[in-house]
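Note sheet for the following structure.
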Amino acid sequence: MKITESRLNKLWQKEGKGCTIGDGNGLTVVVSPKGKIIFSLRFKWIDSPAKMKLGTYPAYSLDEARADTLQYKRMLEQGQDPRQHKKLKIRENQTAFTVKDGLQYWLDNYAKKNRKSDFDKLAPLFERYVYRHVGNLPLEKTTMQDWDQVFDNPALVKHPVQAGRLLGILQTALRFVNKKHKGECLVLESLKVNDVGKHPEKCDRYLLDHELGLLWRFVNEDTTLALHNNKRPMGRRNLLITKLIIAFGDRTGELRTAQKTDFDLMNGIWSVPDSKNKSTIIRPIHESLKPDIQALIDLYPDTGTLIPPSDKPHSREPVSGQSLVGIPVTINKRLCLDKWNMHDLRRTIDTHMAKLGIDDVVTEKILGHKLKGIKGNYQKHDYIAEQLEAYNTWINYLDGLWQQNIDGNGKQ
């Protein structure tokens, strides 16, 4: 009587006497007294009885056992020992360049240098969604069915934007691995974001005048109180970070990963090396911001990193991006503003500078964008004087909104 899936289910993990069941062609199932089920193949090799373990149920299925039995029978007819074939296959898989090897190679040799803004989020992303399903598989042998396990994860199904982002990161990483001839995996190339998730919705959030006035007043008055009252360093730090991002319009990652030596307070210059636009960004420092930058430098005197993790004040590593995500949430509890995030502050400065009549080219320089088209190829002027003039206009505008907030609402 042939083995059936339902019979295996009934025997699996059920304690009993144990038994051996034949399925034909030498395939047998050995059931232990504790309900462990092992598929085994019996055969003759050079006129002597032999056997080999095929796999353990349910990780190894009945269909797989039958398919492998037929394959091994064909090998025997060709004079090959299936046991040696299986050993070689296991050894090959153990030494193969795996999915995890490939992604780690990309992290070490590309992302670490070129994706500083989100680098600290990439390895946890792979750990959470990728490695548990396909991490140990040989990269070149992965199939679409293997990768389906990744994107069928309920957490990704529930967050389709995250799924789409993960697909893009994986495609980028595996193209790099292929380009470096470390391993080839083209399975994901045919997929589009909509096949596994969706694109993020276009965001148009920016802070209006009354919101900007409230926020600028808050970061200025609370920073002053924090400095005079020796408020705990984390509170002072977050206030200073927020104030500087509002004033400069920089990317959060540019300030987060900065070294103290990037700031030349005497000459009023902030240099951002290896920026997202692949070149050094030069920004002038407005005179009113120098005390705030110095205060941030002084918060962690034992490291050259501007903003180390608050629990590791001596570290040379910068604080993680995730640690700063909650700053707007904390501020909004005090100010009751509509939801905003740090990146919305860049959209805010872009929008308001246009309203203030500041030249688009100067605003692009302030935001750290590369100039487009022919200007991008030939225009290498850093616009320091023009940026400083724009910052003067911007900070005067912010101070005016702050004063309007005081006049309109009274001291809080």
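The values are calculated or read from the model by the stated rules, or taken from the named source; none is laboratory data. These numbers were taken from a predicted model, which means no experiment stands behind them. Here the Cβ positions follow ideal geometry from the backbone for every residue, glycine too, while neighbour counts run over all protein chains shown.
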Which residue out of I307, I282, I331 is in a helix (DSSP H, G or I) and touching a residue at least 24 places away in the same chain (Cβ under 8 Å)? I331
Those residues that are without any contact (Cβ under 8 Å) to a residue 40 or more places away in the chain and crowded, with 20+ Cβ neighbours inside 10 Å, I need them from segment 285-299; list them, please. I285
Filtering strands (runs of 3 or more DSSP E) wholly in segment 1-102 for at least 3 residues that are at pLDDT 90 or above and either of a type in the set (F, W, Y) or surrounded by fewer than 11 Cβ atoms within 10 Å (Cβ to Cβ) (or both) gives 37-45
Residue tally, condition assigned to a helix (DSSP H, G or I), over 13 Å from L188 (Cβ atoms) and not hydroxyl-bearing (S, T, Y), over segment 104-139: 21
Restricting to segment 160-172, give me the number of residues that are surrounded by 22 or more Cβ atoms within 10 Å (Cβ to Cβ) and either among the charged types (D, E, K, R) or touching a residue at least 40 places away in the same chain (Cβ under 8 Å) (or both). 2
Hits in segment 325-370 - residues which are among the basic types (K, R) and more than 22 Å from the chain's Cα centre (by Cα): K333, R334, K339, R347, K355, K365, K370
Options K182, K121; residue that is charged (D, E, K, R), outside the structural domain of L356 (by TED's automatic domain parsing) and under 29 Å from G253 (Cα atoms): K121
Which condition breaks for W340 when tested against (1) over 16 Å from A258 (Cα atoms); (2) assigned to a helix (DSSP H, G or I); (3) not β-branched (V, I, T)? (2)
Quick check: anything in segment 349-358 at pLDDT 80 or above, of a type in the set (A, V, I, L, M, F, W, C), over 12 Å from G249 (Cβ atoms) and surrounded by fewer than 18 Cβ atoms within 10 Å (Cβ to Cβ)? yes
Odd one out for C185 among (1) touching a residue at least 24 places away in the same chain (Cβ under 8 Å); (2) in a helix (DSSP H, G or I): (2)
Does V361 fit the bill of being out of contact with any Gly (no Cβ under 8 Å at 6 or more places or on another chain) and part of a loop (DSSP other than H, G, I, E, B)? no
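Here's the yes/no breakdown for (1) among the small types (G, A, S); (2) without any contact (Cβ under 8 Å) to a residue 60 or more places away in the chain; (3) over 30 Å from L125 (Cα atoms):
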site: K2; (1), (2), (3): no, yes, yes
site: L8; (1), (2), (3): no, yes, yes
site: E15; (1), (2), (3): no, yes, yes
site: I21; (1), (2), (3): no, yes, yes
site: G24; (1), (2), (3): yes, yes, yes
site: A59; (1), (2), (3): yes, yes, no
site: A65; (1), (2), (3): yes, yes, yes
site: D81; (1), (2), (3): no, yes, yes
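Results for (1) closer than 27 Å to L139 by Cβ; (2) of a type in the set (F, W, Y); (3) under 43 Å from the mean Cα position of the chain (by Cα), shown as yes or no for each residue.
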residue	(1), (2), (3)
N9	no, no, yes
K14	no, no, no
N25	no, no, no
G35	no, no, yes
D47	no, no, no
Y60	yes, yes, yes
P82	yes, no, no
L88	yes, no, yes
A96	yes, no, yes
Regarding E211, is this residue in contact with a strand residue (DSSP E or B) (Cβ under 7 Å, 6 or more places away or on another chain), at pLDDT below 95, acidic (D, E) and in a helix (DSSP H, G or I)? no
Return a yes/no flag: does segment 127-140 have any residue that is polar (S, T, N, Q) and out of contact with any Gly (no Cβ under 6 Å at 6 or more places or on another chain). yes
Here are some residues: R205, R217. Which one is touching a residue at least 40 places away in the same chain (Cβ under 8 Å), outside any helix (DSSP H, G or I) and not polar (S, T, N, Q)? R205
Of the residues V157, V196, which is buried (at least 17 other Cβ atoms within 10 Å of the Cβ) and over 16 Å from the mean Cα position of the chain (by Cα)? V196
Residue identified as surrounded by 17 or more Cβ atoms within 10 Å (Cβ to Cβ), farther than 30 Å from T252 by Cβ and either in contact (Cβ under 8 Å) with a residue 24 or more places away in the chain or touching a Phe, Trp or Tyr at 6+ places or on another chain (Cβ under 9 Å) (or both) among V150, V177, V134: V134
